[in-house]
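The values are calculated or read from the model by the stated rules, or taken from the named source; none is laboratory data. Here the structure is a predicted model, which means the values were calculated and not measured. All Cβ positions, glycine included, derive from the backbone under ideal geometry; neighbour counts span all protein chains shown. Side chains are part of the model used for accessible areas, which takes the heavy atoms of the whole protein and leaves out ligands, DNA and RNA. Shrake-Rupley method; radii C 1.70, N 1.55, O 1.52, S 1.80 Å.
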Amino acid sequence: MSKRDYYEVLGVSKNASEAELKKAYRRLAMKYHPDRNTGADAETAEIKFKEAKEAYEILCDPQKRAAYDQFGHAGVDPSAGGGPGPSGFGGGASFSDIFGDVFGDIFGGRGETRVHRGADLRYNLQLTLEEAVAGTTVKIRVPTMVKCNVCNGSGARKGTSPKTCTTCGGHGQVRMQQGFFSVQQTCPTCRGKGTVIEHPCTACHGIGRVQQHKTLSVKVPPGVDSGDRIRLGGEGEAGENGGPPGDLYVQITVKEHEIFTREDNHLFCEVPISFVTAALGGELEVPTLDGKVVLKVPAGTQSGKLFRMRGKGVKPVRGGPVGDLLCRVMVETPVNLTDRQKELLRQFEQTLEGTGSKHSPHSSSWLDGVKKFFEGMGF
């Protein structure tokens with residue numbers, strides 16, 4: 001039986017590139033490999049697998065390919081690439097070589113010593129409302145892992161150095177055969193470093209890093225609020241094997257204020273006033289974060305009325321207009337009255353009799369509503 005054309009076997013054109021040849025062979029090898037084909041079709045699959053392998057071994061060799069293109073099958077020696085062995089693998093490019101690049105990427109690279117970025121750190125910073133609104137600079141003390149100065153981060157005792165791992169030959173990876181797959185895994189001896197430390201540094205015990213506290217100056221921009229984070233690049237833990245350090249994230253929490261509460265860029269406060277001021281009107285001194293301001297209370301002000309003082313709030317940290325201060329007046333009922341004061345209030349109440357809708361419009365309308373409700377219910 002005559003042999004099929006090698007290009008036809010692989011399903012590629014005669015000007016196919018090396019990458020196209022490799023891709024075609026990989027597809028056929030996966031499809032027809034004996035380990036993946038058992039039962040009735042095993043013999044046919046094995047023939048096709050060996051046929052694809054032979055075609056690839058000839059065409060991936062520039063000299064053999066040139067001879068084949070000129071003279072066909074007669075121009076190449078069938079044994080030049082090493083005949084297929086009992087398992088279907090012979091000389092030339094092996095099955096594991098073809099797929100090594102794929103699984104090498106998945107299982108950790110091609111024997112390169114791994115470096116690890118240092119861990120990110122978080123620091124919780126509490127601020128007063130005044131500090132958060134105006135901005136401030138705060139010094140913080142952070143526990144972290146830094147490079148050991150005694151061994152310069154190598155982990156080896158002074159005068160010695162890490163040795164190449166004999167298990168993986170310094171690659172940090174070992175090749176494991178699983179069925180017909182050849183995959184790479186992290187070396188169990190050196191844990192991917194590629195080196196082992198025979199004489200650990202006495203300061204860091206071979207880790208290459210030590211724990212220290214460092215003092216940092218944190219510039220807090222104006223307008224921050226609870227939940228905001230400030231990133232300090234490179235101020236986290238030192239990396240391993242020469243890896244870059246992590247970052248430090250300063251988490252902001254604003255303490256509760258005795259007077260003000262904050263919602264976004266607005267401030268709120270409650271201002272107690274006497275019922276005389278509420279009835280007759282007057283002026284009050286109200287605190288703001290910038291100092292005192294005068295609040296004019298008009299006559300007949302009801303409890304709960306909201307007064308807006310524009311521009312007395314917070315300038316947002318991400319930009320935008322300054323918020324407002326909203327003052328809610330709360331009419332305070334007098335307590336601990338003297339007999340004389342009680343008598344004056346009773347006399348005052350008598351002067352209001354019969355004039356409810358004039359002097360207490362809300363109360364009068366509410367009573368009218370209650371009366372209609374009772375009448376509708378048949379009470």
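Points to keep in mind about this one:
- Residue among L367, L326, L352 that alone is of a type outside the set (S, T, Y), under 60 Å from the mean Cα position of the chain (by Cα), modelled with pLDDT of 65 or more and closer than 22 Å to G304 by Cβ: L326
- If the condition is being among the aliphatic types (A, V, I, L, M), out of contact with any strand residue (DSSP E or B) (no Cβ under 6 Å at 6 or more places or on another chain) and at pLDDT below 85, then region 98-149 contributes I98, V102, I106, V115.
- Test: residue in region 233-245 that is farther than 30 Å from A156 by Cα and open to solvent by 40 Å² or more (accessible area, probe 1.4 Å): no
- Checking each residue in region 291-306 for being more than 43 Å from the chain's Cα centre (by Cα), part of a strand (DSSP E or B) and among the hydrophobic types (A, V, I, L, M, F, W, C) picks out V293, V294, L295, V297.
- Selection within region 270-303 - within 16 Å of T128 (Cα to Cα) and in contact (Cβ under 8 Å) with a residue 40 or more places away in the chain: L289
- Failed condition for K53, given (1) open to solvent by 40 Å² or more (accessible area, probe 1.4 Å); (2) modelled with pLDDT of 80 or more; (3) within 49 Å of the chain's Cα centre (by Cα): (1)
- Restricting region 196-209 to residues that are closer than 30 Å to K139 by Cβ and modelled with pLDDT under 85 leaves a set whose member that is least open to solvent (accessible area, probe 1.4 Å) is G208.
- Residue in region 257-276 that is basic (K, R) and surrounded by fewer than 12 Cβ atoms within 10 Å (Cβ to Cβ) present: no
- Remark: pairs (first residue in region 20-33, touching a residue at least 60 places away in the same chain (Cβ under 8 Å); second residue crowded, with 20+ Cβ neighbours inside 10 Å; Cβ separation under 7 Å; 6+ apart in sequence or on different chains) = Y25/L10; Y25/A52; Y25/Y56; A29/F49; A29/A52; A29/F95; H33/F49.
The rows are residues; the columns are (1) assigned to a loop (DSSP other than H, G, I, E, B); (2) open to solvent by less than 70 Å² (accessible area, probe 1.4 Å); (3) under 25 Å from G281 (Cβ atoms).
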{"site": "R308", "(1), (2), (3)": "no, no, yes"}
{"site": "K312", "(1), (2), (3)": "yes, yes, yes"}
{"site": "V317", "(1), (2), (3)": "yes, yes, no"}
{"site": "V322", "(1), (2), (3)": "yes, yes, no"}
{"site": "R328", "(1), (2), (3)": "no, no, yes"}
{"site": "P334", "(1), (2), (3)": "yes, yes, yes"}
{"site": "L337", "(1), (2), (3)": "yes, yes, yes"}
{"site": "Q341", "(1), (2), (3)": "no, no, yes"}
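Rundown of residues vs (1) open to solvent by 50 Å² or more (accessible area, probe 1.4 Å); (2) more than 29 Å from the chain's Cα centre (by Cα), yes/no style:
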position	(1), (2)
N152	yes, yes
K158	yes, yes
G170	no, yes
Q185	yes, no
G194	no, yes
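- Applying the criterion of at least 3 residues that are within 30 Å of G170 (Cα to Cα) and β-branched (V, I, T) to the strands (runs of 3 or more DSSP E) found wholly in region 186-278 leaves an empty list.
- Filtering region 211-234 to residues that are over 14 Å from V142 (Cβ atoms) and of a type in the set (S, T, N, Q) leaves only S226.
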